[in-house]
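The values are calculated or read from the model by the stated rules, or taken from the named source; none is laboratory data. Keep in mind the model is a prediction, meaning the values are calculated, not measured. As a convention, Cβ positions derive from the backbone with ideal geometry for all residues, glycine included, and neighbour counts pool all protein chains shown.
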Amino acid sequence: MGKLMETNEALELSYSEELAAQGVSRRSFLKFCTAITAAMGLPASMVARVAETITSPKRTPVIWLHFQECTGCTESLLRTTHPTVEELVLDIISLDYSETLCAAAGHQVEKSLNDSAKANEGKYILVVEGSIPVKADGVYCKIAGRTALDILNDYGSRAAAIVAIGSCASWGGVQSSSPNPTGATGVHKIIKDKPVINLPGCPASPYNLLSTVLYYLTLGKLPQLDSKGRPKFAYGRLIHEHCERRPHFDAGRFALEFGDEGHREGYCLYKLGCKGPETYNNCSSILFGDVGSGAWPVGTGHPCVGCSEEGVGFTKFIHEQADVYTDTPPASHSGINSEKAGGITVGGAAAAGAVGGIIVGASVMAAKKMKTEASATESDA
(Lines give C-alpha, C1' and ligand atoms only; values in the text may rest on other atoms or scores of the structure.)
Protein backbone atom coordinates (compact mmCIF):
# COMPACT_ATOMS: atom_id res chain seq x y z
CA MET A 1 0.00 0.00 0.00
CA GLY A 2 2.86 2.36 0.88
CA LYS A 3 4.54 1.78 -2.46
CA LEU A 4 1.25 2.43 -4.27
CA MET A 5 0.84 5.75 -2.40
CA GLU A 6 4.39 6.82 -3.32
CA THR A 7 3.70 6.03 -6.96
CA ASN A 8 0.44 7.96 -6.89
CA GLU A 9 2.23 10.99 -5.36
CA ALA A 10 4.85 10.86 -8.11
CA LEU A 11 2.12 10.69 -10.73
CA GLU A 12 0.41 13.70 -9.18
CA LEU A 13 3.53 15.81 -9.80
CA SER A 14 3.68 14.76 -13.45
CA TYR A 15 0.10 15.36 -14.57
CA SER A 16 -1.76 17.38 -11.93
CA GLU A 17 -1.19 20.67 -13.75
CA GLU A 18 -2.33 19.22 -17.07
CA LEU A 19 -5.48 17.78 -15.50
CA ALA A 20 -6.25 21.08 -13.80
CA ALA A 21 -5.90 22.88 -17.13
CA GLN A 22 -8.51 20.53 -18.59
CA GLY A 23 -10.85 21.07 -15.65
CA VAL A 24 -10.33 17.54 -14.27
CA SER A 25 -9.43 17.05 -10.62
CA ARG A 26 -6.89 14.43 -9.57
CA ARG A 27 -9.61 12.71 -7.51
CA SER A 28 -11.90 12.42 -10.56
CA PHE A 29 -9.07 11.08 -12.70
CA LEU A 30 -8.09 8.42 -10.16
CA LYS A 31 -11.76 7.46 -9.79
CA PHE A 32 -11.88 6.88 -13.53
CA CYS A 33 -8.65 4.86 -13.42
CA THR A 34 -10.00 2.78 -10.54
CA ALA A 35 -13.26 2.09 -12.37
CA ILE A 36 -11.55 1.13 -15.62
CA THR A 37 -9.07 -1.08 -13.74
CA ALA A 38 -11.94 -2.91 -12.03
CA ALA A 39 -13.76 -3.26 -15.35
CA MET A 40 -10.71 -5.00 -16.80
CA GLY A 41 -10.67 -7.45 -13.90
CA LEU A 42 -7.32 -6.18 -12.60
CA PRO A 43 -6.42 -5.79 -8.91
CA ALA A 44 -6.45 -2.38 -7.20
CA SER A 45 -2.65 -2.39 -7.18
CA MET A 46 -2.78 -1.80 -10.97
CA VAL A 47 -4.57 1.57 -10.71
CA ALA A 48 -1.32 3.54 -10.68
CA ARG A 49 -0.01 1.64 -13.69
CA VAL A 50 -3.19 2.31 -15.65
CA ALA A 51 -2.90 6.00 -14.76
CA GLU A 52 0.70 6.02 -16.00
CA THR A 53 -0.38 4.44 -19.28
CA ILE A 54 -3.10 7.01 -19.86
CA THR A 55 -0.80 9.95 -19.13
CA SER A 56 2.22 8.59 -21.00
CA PRO A 57 3.47 10.91 -23.76
CA LYS A 58 4.14 7.83 -25.90
CA ARG A 59 0.92 6.89 -27.66
CA THR A 60 0.24 3.66 -29.52
CA PRO A 61 -0.62 4.12 -33.21
CA VAL A 62 -4.06 2.90 -34.25
CA ILE A 63 -5.36 2.33 -37.76
CA TRP A 64 -9.16 2.06 -38.04
CA LEU A 65 -10.63 0.41 -41.15
CA HIS A 66 -14.27 0.42 -42.25
CA PHE A 67 -15.87 -2.29 -44.38
CA GLN A 68 -19.46 -3.64 -44.56
CA GLU A 69 -21.12 -1.74 -41.69
CA CYS A 70 -23.29 1.22 -40.71
CA THR A 71 -20.60 3.14 -38.79
CA GLY A 72 -22.64 2.61 -35.61
CA CYS A 73 -19.58 1.59 -33.58
CA THR A 74 -17.77 4.80 -34.51
CA GLU A 75 -20.90 6.82 -33.80
CA SER A 76 -21.17 5.30 -30.30
CA LEU A 77 -17.49 6.08 -29.72
CA LEU A 78 -18.14 9.71 -30.63
CA ARG A 79 -20.66 9.94 -27.78
CA THR A 80 -18.43 8.75 -24.95
CA THR A 81 -17.91 11.22 -22.12
CA HIS A 82 -15.25 9.61 -19.91
CA PRO A 83 -13.01 10.08 -21.73
CA THR A 84 -14.43 12.09 -24.61
CA VAL A 85 -13.44 10.99 -28.09
CA GLU A 86 -11.00 13.91 -28.47
CA GLU A 87 -9.23 12.89 -25.25
CA LEU A 88 -9.05 9.30 -26.47
CA VAL A 89 -7.75 10.21 -29.91
CA LEU A 90 -5.41 13.05 -28.91
CA ASP A 91 -4.18 12.00 -25.44
CA ILE A 92 -4.37 8.19 -25.13
CA ILE A 93 -3.88 6.72 -28.61
CA SER A 94 -2.62 8.07 -31.90
CA LEU A 95 -5.47 7.52 -34.37
CA ASP A 96 -3.44 7.73 -37.57
CA TYR A 97 -6.22 6.69 -39.93
CA SER A 98 -10.00 6.57 -39.83
CA GLU A 99 -12.21 7.18 -42.85
CA THR A 100 -14.86 8.75 -40.59
CA LEU A 101 -12.70 10.94 -38.37
CA CYS A 102 -9.77 11.95 -40.59
CA ALA A 103 -9.78 15.58 -41.69
CA ALA A 104 -8.01 14.78 -44.96
CA ALA A 105 -9.48 12.86 -47.88
CA GLY A 106 -8.49 11.15 -51.11
CA HIS A 107 -4.78 10.72 -51.81
CA GLN A 108 -3.81 12.67 -48.70
CA VAL A 109 -5.56 10.32 -46.28
CA GLU A 110 -4.36 7.25 -48.18
CA LYS A 111 -0.80 8.56 -47.79
CA SER A 112 -1.38 8.95 -44.03
CA LEU A 113 -2.54 5.34 -43.86
CA ASN A 114 0.43 3.96 -45.76
CA ASP A 115 2.98 6.13 -43.96
CA SER A 116 1.70 5.03 -40.53
CA ALA A 117 1.62 1.34 -41.49
CA LYS A 118 5.18 1.53 -42.83
CA ALA A 119 6.63 3.52 -39.92
CA ASN A 120 4.92 1.40 -37.25
CA GLU A 121 5.03 -2.04 -38.85
CA GLY A 122 4.44 -4.73 -36.23
CA LYS A 123 3.58 -2.11 -33.60
CA TYR A 124 0.20 -0.60 -34.45
CA ILE A 125 -3.23 -1.78 -33.38
CA LEU A 126 -5.61 -2.39 -36.25
CA VAL A 127 -9.29 -1.77 -35.48
CA VAL A 128 -11.70 -3.25 -38.01
CA GLU A 129 -15.33 -2.15 -38.17
CA GLY A 130 -17.61 -4.10 -40.48
CA SER A 131 -17.68 -7.56 -42.03
CA ILE A 132 -15.57 -8.63 -44.97
CA PRO A 133 -17.32 -10.12 -48.04
CA VAL A 134 -15.40 -13.07 -49.48
CA LYS A 135 -17.68 -14.24 -52.30
CA ALA A 136 -16.62 -13.39 -55.85
CA ASP A 137 -13.13 -12.52 -54.57
CA GLY A 138 -14.55 -9.80 -52.32
CA VAL A 139 -15.98 -7.65 -55.11
CA TYR A 140 -18.97 -6.56 -52.97
CA CYS A 141 -16.92 -4.05 -50.96
CA LYS A 142 -14.24 -1.87 -52.54
CA ILE A 143 -12.37 1.19 -51.29
CA ALA A 144 -10.09 3.21 -53.57
CA GLY A 145 -10.17 0.40 -56.11
CA ARG A 146 -9.15 -2.31 -53.61
CA THR A 147 -11.37 -4.97 -52.10
CA ALA A 148 -11.94 -5.08 -48.35
CA LEU A 149 -10.44 -8.58 -48.39
CA ASP A 150 -7.20 -7.28 -49.97
CA ILE A 151 -7.00 -4.28 -47.60
CA LEU A 152 -7.53 -6.45 -44.50
CA ASN A 153 -4.89 -8.98 -45.55
CA ASP A 154 -2.43 -6.16 -46.28
CA TYR A 155 -2.71 -4.09 -43.11
CA GLY A 156 -3.71 -7.00 -40.90
CA SER A 157 -0.49 -8.83 -41.71
CA ARG A 158 1.57 -5.86 -40.48
CA ALA A 159 -0.33 -5.12 -37.26
CA ALA A 160 0.69 -6.11 -33.73
CA ALA A 161 -2.90 -7.05 -32.89
CA ILE A 162 -6.35 -6.66 -34.40
CA VAL A 163 -9.54 -5.54 -32.67
CA ALA A 164 -12.73 -6.56 -34.47
CA ILE A 165 -15.24 -4.05 -33.14
CA GLY A 166 -18.94 -4.76 -33.47
CA SER A 167 -20.81 -7.91 -34.43
CA CYS A 168 -20.14 -7.38 -38.14
CA ALA A 169 -16.37 -7.53 -37.76
CA SER A 170 -16.58 -10.21 -35.06
CA TRP A 171 -18.67 -12.79 -36.88
CA GLY A 172 -20.39 -11.22 -39.90
CA GLY A 173 -23.30 -9.49 -38.18
CA VAL A 174 -26.58 -8.72 -39.89
CA GLN A 175 -24.97 -8.99 -43.35
CA SER A 176 -24.23 -12.65 -42.70
CA SER A 177 -27.89 -13.49 -42.15
CA SER A 178 -29.17 -16.25 -44.43
CA PRO A 179 -28.68 -16.48 -47.36
CA ASN A 180 -25.60 -14.22 -46.89
CA PRO A 181 -25.27 -13.27 -50.59
CA THR A 182 -21.92 -11.45 -50.18
CA GLY A 183 -20.26 -14.07 -48.00
CA ALA A 184 -19.95 -11.58 -45.11
CA THR A 185 -17.29 -12.91 -42.75
CA GLY A 186 -15.66 -11.96 -39.46
CA VAL A 187 -12.01 -10.90 -39.24
CA HIS A 188 -10.79 -13.98 -37.34
CA LYS A 189 -11.94 -16.26 -40.16
CA ILE A 190 -9.54 -14.47 -42.53
CA ILE A 191 -6.54 -13.44 -40.42
CA LYS A 192 -5.08 -16.55 -38.79
CA ASP A 193 -1.53 -15.54 -37.87
CA LYS A 194 -2.26 -12.48 -35.71
CA PRO A 195 -4.07 -12.12 -32.37
CA VAL A 196 -7.66 -11.03 -33.02
CA ILE A 197 -9.89 -9.69 -30.24
CA ASN A 198 -13.62 -9.77 -30.89
CA LEU A 199 -15.79 -7.04 -29.34
CA PRO A 200 -19.26 -7.95 -30.64
CA GLY A 201 -22.30 -5.76 -30.19
CA CYS A 202 -24.49 -3.70 -32.50
CA PRO A 203 -22.95 -1.32 -31.78
CA ALA A 204 -20.22 -2.50 -29.43
CA SER A 205 -19.79 -0.63 -26.16
CA PRO A 206 -17.08 2.02 -26.63
CA TYR A 207 -15.94 1.38 -23.05
CA ASN A 208 -15.17 -2.25 -23.88
CA LEU A 209 -12.93 -0.95 -26.66
CA LEU A 210 -11.26 1.56 -24.35
CA SER A 211 -10.71 -1.08 -21.66
CA THR A 212 -9.24 -3.52 -24.16
CA VAL A 213 -6.82 -0.95 -25.59
CA LEU A 214 -5.77 0.21 -22.10
CA TYR A 215 -5.24 -3.39 -21.00
CA TYR A 216 -2.94 -3.99 -23.95
CA LEU A 217 -1.05 -0.72 -23.44
CA THR A 218 -0.70 -1.25 -19.69
CA LEU A 219 0.40 -4.88 -19.60
CA GLY A 220 1.78 -5.33 -23.10
CA LYS A 221 -0.42 -8.35 -23.72
CA LEU A 222 -4.00 -9.17 -24.65
CA PRO A 223 -6.67 -9.70 -21.97
CA GLN A 224 -7.83 -13.23 -21.25
CA LEU A 225 -10.20 -14.30 -24.02
CA ASP A 226 -13.05 -16.81 -24.13
CA SER A 227 -13.51 -19.52 -26.76
CA LYS A 228 -14.94 -16.92 -29.17
CA GLY A 229 -12.05 -14.49 -28.84
CA ARG A 230 -13.92 -12.06 -26.56
CA PRO A 231 -12.35 -10.45 -23.45
CA LYS A 232 -13.66 -12.30 -20.42
CA PHE A 233 -13.82 -9.12 -18.36
CA ALA A 234 -16.57 -7.84 -20.68
CA TYR A 235 -18.16 -11.03 -22.05
CA GLY A 236 -17.66 -13.45 -19.18
CA ARG A 237 -21.26 -13.42 -17.91
CA LEU A 238 -24.74 -13.64 -19.34
CA ILE A 239 -26.66 -10.38 -19.54
CA HIS A 240 -29.43 -12.19 -17.66
CA GLU A 241 -27.24 -12.66 -14.56
CA HIS A 242 -27.10 -8.96 -13.70
CA CYS A 243 -30.25 -7.72 -15.38
CA GLU A 244 -32.27 -5.13 -13.46
CA ARG A 245 -35.40 -7.24 -14.19
CA ARG A 246 -33.87 -10.50 -12.97
CA PRO A 247 -35.80 -10.49 -9.64
CA HIS A 248 -39.05 -10.51 -11.63
CA PHE A 249 -37.79 -13.49 -13.65
CA ASP A 250 -37.00 -15.42 -10.48
CA ALA A 251 -40.41 -14.56 -9.03
CA GLY A 252 -42.22 -15.58 -12.22
CA ARG A 253 -43.43 -12.11 -13.15
CA PHE A 254 -43.44 -11.51 -16.91
CA ALA A 255 -44.71 -8.94 -19.38
CA LEU A 256 -46.86 -10.84 -21.89
CA GLU A 257 -47.58 -8.01 -24.31
CA PHE A 258 -46.07 -4.60 -24.97
CA GLY A 259 -48.02 -2.07 -22.94
CA ASP A 260 -49.77 -4.57 -20.67
CA GLU A 261 -49.76 -4.18 -16.89
CA GLY A 262 -46.67 -6.35 -16.45
CA HIS A 263 -44.79 -4.33 -19.07
CA ARG A 264 -45.75 -1.05 -17.39
CA GLU A 265 -44.66 -2.45 -14.01
CA GLY A 266 -41.19 -3.29 -15.37
CA TYR A 267 -41.59 -7.09 -15.27
CA CYS A 268 -39.20 -9.52 -16.98
CA LEU A 269 -39.27 -9.41 -20.81
CA TYR A 270 -38.37 -13.08 -21.34
CA LYS A 271 -41.74 -14.01 -22.83
CA LEU A 272 -41.53 -11.11 -25.27
CA GLY A 273 -38.37 -12.60 -26.75
CA CYS A 274 -35.58 -11.21 -24.55
CA LYS A 275 -32.31 -12.96 -25.48
CA GLY A 276 -30.49 -11.94 -22.29
CA PRO A 277 -30.50 -15.52 -20.92
CA GLU A 278 -28.27 -16.70 -23.80
CA THR A 279 -26.23 -13.59 -24.61
CA TYR A 280 -22.82 -12.88 -23.10
CA ASN A 281 -22.06 -9.19 -22.60
CA ASN A 282 -21.82 -6.59 -19.83
CA CYS A 283 -24.73 -4.39 -21.01
CA SER A 284 -26.67 -4.98 -17.81
CA SER A 285 -23.63 -4.11 -15.67
CA ILE A 286 -22.22 -0.98 -17.30
CA LEU A 287 -25.34 -0.18 -19.37
CA PHE A 288 -24.70 1.58 -22.68
CA GLY A 289 -23.78 5.20 -23.13
CA ASP A 290 -24.06 7.81 -20.42
CA VAL A 291 -27.75 8.53 -19.94
CA GLY A 292 -28.72 6.26 -17.05
CA SER A 293 -30.74 3.03 -16.96
CA GLY A 294 -32.53 3.90 -20.19
CA ALA A 295 -29.22 3.55 -22.02
CA TRP A 296 -29.80 -0.06 -23.03
CA PRO A 297 -32.78 -1.85 -24.63
CA VAL A 298 -34.09 -3.62 -21.50
CA GLY A 299 -33.97 -0.33 -19.61
CA THR A 300 -36.34 1.20 -22.16
CA GLY A 301 -38.74 -1.75 -22.04
CA HIS A 302 -37.51 -3.56 -25.16
CA PRO A 303 -36.21 -7.14 -25.04
CA CYS A 304 -32.52 -7.76 -25.65
CA VAL A 305 -32.13 -9.02 -29.24
CA GLY A 306 -28.84 -10.80 -28.55
CA CYS A 307 -26.94 -8.61 -31.01
CA SER A 308 -23.53 -9.60 -29.62
CA GLU A 309 -24.10 -13.36 -29.67
CA GLU A 310 -23.38 -15.34 -32.83
CA GLY A 311 -26.28 -17.63 -33.69
CA VAL A 312 -28.70 -15.49 -31.67
CA GLY A 313 -28.66 -11.89 -32.88
CA PHE A 314 -29.91 -11.51 -36.48
CA THR A 315 -30.53 -15.27 -36.55
CA LYS A 316 -33.39 -15.99 -34.17
CA PHE A 317 -36.77 -14.35 -34.64
CA ILE A 318 -37.11 -11.21 -32.55
CA HIS A 319 -40.00 -12.59 -30.45
CA GLU A 320 -38.59 -16.15 -30.25
CA GLN A 321 -37.96 -17.13 -26.64
CA ALA A 322 -34.35 -17.60 -25.63
CA ASP A 323 -32.66 -20.78 -24.52
CA VAL A 324 -32.26 -20.40 -20.76
CA TYR A 325 -28.91 -21.52 -19.36
CA THR A 326 -30.01 -20.76 -15.80
CA ASP A 327 -33.30 -21.79 -14.16
CA THR A 328 -36.22 -22.24 -16.55
CA PRO A 329 -39.03 -19.75 -15.71
CA PRO A 330 -42.41 -21.09 -14.59
CA ALA A 331 -45.27 -21.18 -17.07
CA SER A 332 -47.56 -19.19 -14.74
CA HIS A 333 -47.38 -17.12 -11.56
CA SER A 334 -49.60 -15.78 -8.83
CA GLY A 335 -51.33 -12.47 -9.39
CA ILE A 336 -49.57 -9.48 -7.82
CA ASN A 337 -51.77 -6.50 -6.96
CA SER A 338 -52.76 -4.22 -4.11
CA GLU A 339 -55.57 -6.52 -2.97
CA LYS A 340 -55.57 -10.07 -1.66
CA ALA A 341 -55.43 -12.68 -4.40
CA GLY A 342 -56.43 -16.19 -3.40
CA GLY A 343 -55.83 -15.43 0.27
CA ILE A 344 -52.28 -14.22 -0.35
CA THR A 345 -51.40 -10.58 0.25
CA VAL A 346 -48.88 -8.63 -1.79
CA GLY A 347 -46.11 -9.47 0.64
CA GLY A 348 -47.21 -13.09 0.75
CA ALA A 349 -47.23 -13.36 -3.03
CA ALA A 350 -43.75 -11.90 -3.24
CA ALA A 351 -42.56 -14.33 -0.58
CA ALA A 352 -44.22 -17.19 -2.44
CA GLY A 353 -42.41 -16.14 -5.60
CA ALA A 354 -39.09 -16.06 -3.75
CA VAL A 355 -39.75 -19.49 -2.25
CA GLY A 356 -40.68 -20.74 -5.71
CA GLY A 357 -37.35 -19.49 -7.03
CA ILE A 358 -35.51 -21.30 -4.24
CA ILE A 359 -37.44 -24.50 -4.99
CA VAL A 360 -36.58 -24.27 -8.70
CA GLY A 361 -32.92 -23.74 -7.87
CA ALA A 362 -32.95 -26.64 -5.40
CA SER A 363 -34.63 -28.84 -8.03
CA VAL A 364 -31.92 -28.02 -10.58
CA MET A 365 -29.17 -28.82 -8.07
CA ALA A 366 -30.90 -32.05 -7.10
CA ALA A 367 -31.24 -33.07 -10.75
CA LYS A 368 -27.53 -32.40 -11.32
CA LYS A 369 -26.65 -34.43 -8.23
CA MET A 370 -28.84 -37.33 -9.37
CA LYS A 371 -27.21 -37.24 -12.80
CA THR A 372 -23.73 -37.27 -11.25
CA GLU A 373 -24.62 -40.17 -8.94
CA ALA A 374 -26.14 -42.11 -11.83
CA SER A 375 -22.99 -41.61 -13.92
CA ALA A 376 -20.83 -42.75 -11.00
CA THR A 377 -22.96 -45.89 -10.56
CA GLU A 378 -22.64 -46.71 -14.25
CA SER A 379 -18.88 -46.27 -14.06
CA ASP A 380 -18.66 -48.59 -11.03
CA ALA A 381 -20.74 -51.16 -12.85
Some residue of the stretch 284-293 being outside the structural domain of Leu78 (by TED's automatic domain parsing), outside any helix (DSSP H, G or I) and surrounded by 23 or more Cβ atoms within 10 Å (Cβ to Cβ): no
Filter result for Lys189 (basic (Lys, Arg), at pLDDT 90 or above and surrounded by fewer than 24 Cβ atoms within 10 Å (Cβ to Cβ)): yes
Residue check, Phe249 touching a strand residue (DSSP E or B) at 6+ places or on another chain (Cβ under 8 Å) and either basic (Lys, Arg) or not in a loop (DSSP other than H, G, I, E, B) (or both): yes
Residue in the stretch 140-161 that is touching a residue at least 24 places away in the same chain (Cβ under 8 Å) and closer than 26 Å to Cys283 by Cβ present: yes
Pair list, Cβ under 7 Å, 6 or more apart: the stretch 300-312 residue in the same structural domain as Gly259 (by TED's automatic domain parsing) and under 12 Å from Cys202 (Cβ atoms), other residue in a helix (DSSP H, G or I) and of a type in the set (S, T, N, Q): Cys307/Ser167; Ser308/Ser167
Selection status of Lys275, surrounded by 23 or more Cβ atoms within 10 Å (Cβ to Cβ), closer than 25 Å to Gly186 by Cβ and in contact (Cβ under 8 Å) with a residue 24 or more places away in the chain: yes
Test result for Ala366, in a loop (DSSP other than H, G, I, E, B), loosely packed, with under 12 Cβ neighbours inside 10 Å and either modelled with pLDDT under 85 or of a type in the set (D, E, K, R) (or both): no
Total residues in the stretch 115-170, condition in a loop (DSSP other than H, G, I, E, B), surrounded by 24 or more Cβ atoms within 10 Å (Cβ to Cβ) and on the phi > 0 side of the Ramachandran plot: 1
Every pair of residues 6+ apart whose Cβ atoms lie under 8 Å, when the first sits in the stretch 168-183 and is over 18 Å from Gly72 (Cα atoms) and without any contact (Cβ under 8 Å) to a residue 40 or more places away in the chain while the second is surrounded by 22 or more Cβ atoms within 10 Å (Cβ to Cβ) and of a type in the set (Gly, Ala, Ser): Asn180/Gly172
